[in-house]
1. Please work out how much length the chain gains when fully extended from Glu59 to Asp118, using 0.36 nm per residue of separation minus the C-alpha to C-alpha distance, in nm with one decimal.
2. When Lys137, Lys74 are ordered from fewest to most other Cβ atoms inside 10 Å of their Cβ, what list results?
3. Can you work out the PRE-style zone for Ser110? Point 7 Å along Cα to Cβ, and I want the residues of the range 58-74 with backbone N under 20 Å.
Amino acid sequence: MKKITKLNKNNFFKGLFPLAIIIFLFFNPIKVHAEISKTEINGELMNASSEFLRDLDFETWQLVAYKSPLFEDKLILRVIGYPGNLRIDHPTSLQVDSGRKQWFLDDKTSLNFELANDGRQAAAEFDLNQLINSIDKNRPLRLSLSGVFSELPVPPFVVKEWRSLA
């Protein structure tokens, strides 16, 4: 003899809920990207890429890439830390690693009058052109700044944005 059971509405909807989430994510994938936006830098509005990233010690740093009229429209990378956490003896090079490749970006901080005279010493600028001109792919990078942070991972989507500014 077969036992007949009623269909429970709660069980029916519990089974559909995970399926609905899967269908939603399939048709609306989660996108992770940075954005180029107008940012005020040195008193001027200009297109810039701005991202907050954490180093391996869980300290947060803001990386801003922009074309600087002060440096013949070269691409500049500004590294900004929380005031009081960053004290750099200038000039110092920013080391960039990617696999077996390595670059040392020139310190341009002292050439920026506004930044050089900022008593907080919470930012430093580097020539990003030499790196961007030597890579042809959006590869992950690792930044190191002697005495400040030992490794700051930069994901490929940020590198893609930097390349689009160049």
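No lab work stands behind these numbers, since they all come straight from the coordinates. Please read these numbers as outputs of a predicted model, since none were measured by experiment. Here Cβ is always computed from backbone atoms with ideal geometry, including for glycine, and neighbour counts include all displayed protein chains.
1. Additional length available on full extension: 19.1 nm.
2. Lys137, Lys74
3. 70-72, by backbone N distance to the label point.
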